[in-house]
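Asker: Mind looking over this structure? Questions follow.
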Amino acid sequence: MEPLWRYMAIEWETIFQWLLSFSALILVWLILRLRQKRIIASLSNIEHYSGEARDPEQLMRLDDEALTELSQLLEDENVNWEN
């Protein structure tokens, strides 16, 4: 006669397999639901996007930092304006 604990071990393994499978399904469902909410939220934000700068006047002002960065970029690309 086999001991009773052998049958109980198989039963517990099966129960844990079902619990882990169920929790995995719940997690997948939650991730997909969160993804869907973010997609809907991003689509609703597109309607409000105008494409204009928040402060267009600031884009027209040249400061020393912008000029040095521009000259550095031109030097990196070997652009010569004098020729």
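Asker: Counting only residues that are at pLDDT 90 or above and among the hydroxyl-bearing types (S, T, Y), how many does the range 1-39 have?
Answerer: Adding up the residues that qualify gives 2.
Asker: Sticking with this one: Within the range 71-82, does at least one residue satisfy the condition of being at pLDDT 80 or above and of a type in the set (V, I, T)?
Answerer: no
The values are calculated or read from the model by the stated rules, or taken from the named source; none is laboratory data. Remember, predicted model here, so these are calculated numbers, not experimental data.
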